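Have a look at the structure below, then the notes.
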Amino acid sequence: MNGKKGSIRIDICLPSDIVVPEAVKKPITKVPSPRKWLYDVWEFARQDTNRVTFALKVGLACFLVSLLILFRAPYEIFGTNIIWSVLTVVVMFEYTVGATFNRGFNRALGSVLAGVFAIVVIEVAMSSGHIAEPYIIGFSIFLIGAVTSFMKLWPSLVPYEYGFRVILLTYCLIIVSGYRMGNPIRTVMNRLYSIAIGGLVAVLVNAFIFPIWAGEQLHKELVNNFNSLADSLEECIKKYISDDGSKHPDFSKTVMDDFHDEPAFGKCQATLNSSEKLASLANSAKWEPPHGRFKHFFYPWVEYVKVGNVLRHCAYEVMALHGCVHSEIQAPYNLKCAFRAEILDATNQAAELLRSLAKDVNNMKWSFQTSLLKRVHVSTKRLQHSIGLHSYLFTTNHEDSSAKAQLKTTRFVSFNLKDFNKETDEPEGMVTRNINTPSAPMEAESYHEMIRRQQRRLHSWPPREIDNFKDDENVISDLMPRMCALESTTVMSLATFTSLLIEFVARLDHLVEAVEKLATMARFKEQIMN
């Protein structure tokens, strides 16, 4: 007996030959090594050095404000209220200068309004006597909390949500502490001074020590979206044209959106998800003074968001093209090759136009894209003309029935010859000789049986194993109409792919107009293309 009094421990010895089930075993979690963790931190910092700069600036601002507490002279003036300076730096210091100005404006306006409300309520409460004073203060807290919480939900006041939160927080802390500490007017003024000191330190450190401008971030983000969309378009088209169906993945794997062999696919997804980031950066850039290349007041940051919206609608078409690449129904490879030159030409011209627009935005120089846009339209018309000229390839009723049957038989023999060799376990030469020169009724019967079995497999959608079909002719006759309809759908998938590509080119006109409007309002320098 061990442990507490009255407790009994029972030790059970299990034989060594008993196997513990896998479900009972506890999973062993692999702890990352310190070297691996340090490497991940290094890679994260190396991808964007501004992250390290931001962290160091926050540490410097907190250190400077803490000096007001560490030195005796300022602490004797402000007392414990100086801690509000540190809190202001922590909640106000943002990644970009514009976001810090925006947060500082909300912080300053909220603190001033809260201080004014607190002084007015305190004066009214003190003049009402000691009995009514706590009731007035309690009702004012309820009223301020209800009004600010309702107003920050108003659609037009959503950008100032942080300001309403500051009003509620500052008002509650000021009026409650002033009621208990005495001399509330002095308490309010000291706390407002402390908040002003913290806000001033945060703004000065963020704006004058290696500043990170939201406008510059927005500019780079839009340029990267242009290049990412061009890369994704070219990658998608090349993979679709070169896909002969031999390495087509299962649908269960493609729905996971994990394509390791398509690095530009993730970039296209990032372009689709960039609307919120662009809007946030544009909202922060409005608060920034003229800087760097953006030297005039009232810079049209909203136009960057509009260009990003048009670019995102172009990215929708590219994602639809990616869906055709990984769809379950694929067009025959020889049909893709028939329009290979026209599809690649239209793709290259569209990608060149996207990269030209990205270069113009990046250099802030506008060159009229008339020639490039005309070449894109010419290549697209050539693709449309080729489709119209070879439209007979998209139909299956134009051939003679006997010729069509003969063509199918030839295709079945040539395409599935290896499968037939595997099923019979005979050398390829022997099988070929037996097919070409049947010398016995048994050989002729096996040949026709092979053709019939291969037809069942080829007409099935999705492709099934031969053994899954029963020999019931009624079942086969019922399935044949549906199988033939799905087989004709494979041919129409190419028409869907080309129509999406043409729709993408059509949306480039709106993209050029949006960039031209941005160039006009942002005063880009005009240049003449050679």
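The values are calculated or read from the model by the stated rules, or taken from the named source; none is laboratory data. Since the model is a prediction, treat every value here as computed from it, not as a measurement. Here the Cβ is made from the backbone with ideal geometry for all residues, glycine too, and neighbour counts use every protein chain on show. Side chains included, ligands, DNA and RNA excluded: accessible areas come from the protein's heavy atoms. Shrake-Rupley method; radii C 1.70, N 1.55, O 1.52, S 1.80 Å.
A compact table of results
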read-out: Charge context of residue 107, other residues only, Cβ under 15 angstrom, K/R +1, D/E -1; value: +2
read-out: Net charge of neighbours whose Cβ lies under 15 Å from the Cβ of residue 386, counting Lys and Arg as +1 and Asp and Glu as -1; value: +2
read-out: ³J(HN,Hα), Karplus 6.51/-1.76/1.60, whole Hz, each residue of segment 306-314, x for Gly, Pro; value: 5, 5, x, 5, 5, 5, 5, 5, 5
read-out: Ranked packing of 285-296, 339-350, most packed first, by mean Cβ within 10 Å; value: 339-350, 285-296
read-out: Where labels lie 7 Å past Cα in the beta-carbon direction, separation of residue 337 and residue 116 in nm; value: 7.9
read-out: Residue-span extension gain [residue 185 to residue 270] - 0.36 nm each, minus C-alpha spacing; value: 25.4 nm
read-out: Amide H contacts of residue 366 (H built 1.01 Å from N, under 5 Å, at least 5 apart or other chain); value: 525, 526, 527
read-out: Given 238/359; 57/525; 336/517, the pairs whose alpha carbons are separated by over 32 Å; value: 57/525; 336/517
read-out: Pair residue 389, residue 316: separation of 7 Å Cα→Cβ label points (nm); value: 3.3
read-out: Solvent-accessible area per residue for segment 86-180 (1.4 angstrom probe, square angstrom); value: 53
read-out: Residue 141/residue 90 FRET efficiency (R0 25 Å; Cβ-Cβ; nearest 0.05); value: 0.55
read-out: Accessible area of segment 297-382 divided out per residue, in Å², using a probe of 1.4 angstrom; value: 42
read-out: Ordering of 35-48, 72-85, 159-172 by burial proxy (mean other Cβ atoms within 10 Å per residue, highest first); value: 159-172, 72-85, 35-48
read-out: Rg to Rh quotient for segment 318-380, alpha carbon positions, Kirkwood Rh; value: 1.11
read-out: Net charge of Cβ neighbours under 15 Å - reference residue 215; Lys, Arg +1; Asp, Glu -1; value: +1
read-out: Whole-Hz couplings from phi, Karplus 6.51/-1.76/1.60, listed for segment 80-92; x for Gly and Pro; value: 6, 5, 5, 5, 5, 5, 5, 4, 5, 5, 5, 8, 9
read-out: Under Karplus coefficients 6.51, -1.76 and 1.60, residue-wise ³J(HN,Hα) of segment 264-276 in Hz, glycine/proline x; value: 7, 5, x, 5, 5, 5, 5, 5, 5, 8, 8, 5, 5
read-out: Where labels lie 7 Å past Cα in the beta-carbon direction, separation of residue 277 and residue 131 in nm; value: 6.4
read-out: Under-5 Å amide H pairs with residue 212, H placed in peptide plane, nonlocal only; value: 97
read-out: Ordering of 355-365, 229-239, 144-154 by burial proxy (mean other Cβ atoms within 10 Å per residue, highest first); value: 229-239, 355-365, 144-154
